1. According to a simple spin-label model (label point 7 Å from Cα along Cα-to-Cβ), what is the distance in nm between Ala648 and Asp498?
2. Relative to a virtual label point 7 Å from the Cα of Arg209 in the Cα→beta-carbon direction, which members of the stretch 221-252 show backbone nitrogen distances below 16 Å?
3. Points 7 angstrom from Cα along the Cβ direction at Asp555 and Ala231: gap in nanometres?
4. Can you tell me the order of 176-187, 504-515 when each peptide is scored by its average per-residue count of other Cβ atoms within 10 angstrom, highest first?
5. May I ask you to order 193-200, 556-563 by the average number of other C-beta atoms within 10 Å around their residues, highest value first?
6. Treating each Cα of the stretch 544-650 as an identical point scatterer and ignoring solvent, apply the Debye formula and state log10 I(q)/I(0) at q = 0.15 Å⁻¹.
7. Given R₀ = 30 Å, FRET efficiency for Ala612-Ile573 by Cβ-Cβ distance, to 0.05?
8. By counting other Cβ atoms within 10 Å of each Cβ, how are Thr188, Thr624 ranked from fewest to most?
Amino acid sequence: MDEPAFAVPGFQLQQQLGRGGFGVVYLATATRSGQPLALKVLHRVLDEDAVHRVAAEVQVMGTLAWHPAIVAIIDAGDVDGQPWIAMEYLARGSLGDLMRREGAQPVDMVTAAGIQAATGLQVAHNAGLLHRDVKPDNLLIADDGQVKVSDFGVALAAGAAGRRRGTTGTIAYSAPELLAGAGASTATDIYALGATLYALLTGQPAFHRDTDESPAAMMLRAHRDPVPDLAEQGFPLPVARVLRRAMAKAPTDRPARAEDLARELQSARQELGLAAVPVVTAGRPASPSASGLPAPAAGLPDQPPAEARRKAQRLQRIVGGIGAAAAALVAVTFVATSSFTGGGDPDVGSDAAPDVLPTQLGEAPDAAEELPDLPQTGPQPGDPEDDPGQDAAEAPPVTATLEPAPAPTVAPGPPAPAPPPPPLPTTGDPAAVAAVTFEGTATALASDGDVIWVSTATEVVRLADGGRIATPVPDISGLAVSGDLLAVRLPNGVQVLDATTLRPVGDVVPGAVDVSPATGGFLLADRQGLARWVDGTVERVVDLPGATQVDSAGDTIVAATTDGTVVSVRDGIVDQLEQVSGTPVELVTAGPDRVAVLTGDGRLHDLVPGGAVVTTGATDVAGTTDGRLWAVVDGRLQLIRLDGATAAVDTVGDVTRLATTGAGVVVAEPDAALVELIQ
């Protein structure tokens, strides 16, 4: 390996891992923390404006580190105008490495990887970011098999440096409209992912031929020829159908969103009897850090502008109306005047130097090493937010932990209390009895009737009697209260706090992905089964592979697994209650005999009437002891009675989160927690 010839303050560059059309990747160590990182140094030197634009996009990417399918950016900067990006180090390499080492990959692995990558793209699109260069070498493999999308912002940097019209990317995975000179869009990212999955299934890109002497022939086939039929090659029809849509010539014929592609792949897996893969696209929203760098504008184009589409159509007409030699000349001219690279495809021609080792990581695992199958469960979202402006030596670890909190600050009330909102207009039974303001948007909510606990993106807050106690805890995805204890769900486990002071009680329970109150403590689900936390001691209740959700009603524990199986556990005996379609993301009990499951596709399954879907478009659900269900549907509060009938309940604003206490329900709106009691 070449010795590093570049110095980055705060890092020790150890060895070169790979070199490609965009830059060089080094294995690096943060000098203070000792954390191993992959540090990419871009080839080109940027002017001040371009550095600012690249830094803005990389900064926003840093806020997406919570998502399990996005490689975490730890830090970024430039040395004399030459940008560098420090990322989490993933030693297993990329799907491109795997494909070159082993050839075509099995349908189960490829479709699971596609779902994971598509959800990562959707989260980036939600934040206003395009990838611009999706390919097998930019899909990395974590130690647990989770696929992560890498190199956001790198293609932007190359384009900014080149100051040329057109875009950057890799020819073999580029949409036809990109090859014609149109701008990037969400549709081009979707095409690239579809083309990537095609290559992983077959062992080579759809329009590549070993006899090609230049990229021109491949570009012409991408414009002119239909996508080769995977079904005719012996692949399952449901998968062939999904990838044919993803690689449609017209952007409007592709899935409208990356999440839609994920769900189509999920449906194909269901048809083939394969286990469901979590579709995680919601979580903490991206926001610029305090450095003041502008974030990319929200609202990405889902297809190229009209002028670009007309340009693509003109090229297609030219290709259709001239001879092969002249058509090849058109394509060669495009290659010579564009900024496309062959990045990561040594067998595909390019106008730029091909990658010698085209991944973030360089050294791939030994060929004899058997890579475990991609997980069908996937981790919960929530890697911590990293500030790209922070000194690399002080960058927080990728996995969050809850440090002992400083002495909590107690204020007599909110800094500038807003006047309470007017009483809630009601439909049916509920009546508003209190309103308490807080700063931020609730990521989780809990209440015992007299006290409300609210978590935001950065802290957990106790609201009671007009007073406010807060402690900094990032990335909370769930809260549960039991007596004088409060449990918070973190990316790497569950931490129990003193419910009054919000100080930690004992250590984080690693691996726990859900928590529910129980007599004297809490119930935990950890993907291997269910456990009980009492006085700092964790005892296994029952083994239940894939367990991700848990709740209880009296002496009966209810749990759900990733494949949609809902079970009850009583005296150590497990009985299956129901099998629901979709991946459970929330499980609640309402009284002793009612169980509801919210799945990742927004469907709320009420198991009392036999698993019927009582509503769609739901984002949260809670149950009260009198057997009633409450749901957030399209931002509004909905009551679901025992007979399955629903009634809308008007609130002042959009509802974000729910929690219950006995027969009451707590509704969170942006910057306000409204307590409602059932009459």
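Only the coordinates and a few stated rules stand behind these numbers; no lab work does. If you're wondering where the values come from, they're calculated on a predicted model, not measured in any experiment. Positions of Cβ are generated from backbone atoms using ideal geometry, with glycine treated the same way; all protein chains shown enter the neighbour counts.
1. In this crude spin-label approximation the distance works out to 4.6 nm.
2. 221-229
3. For Asp555 paired with Ala231, the spin-label model returns 5.5 nm.
4. The peptides rank, most packed first, as 176-187, 504-515.
5. In descending order of packing, they fall as 193-200, 556-563.
6. Results for the stretch 544-650 at q = 0.15 Å⁻¹ read -0.54.
7. Details: r = 26 Å, r/R0 = 0.88.
Given R0 = 30 Å and the Cβ-Cβ separation, E is 0.70.
8. Thr624, Thr188
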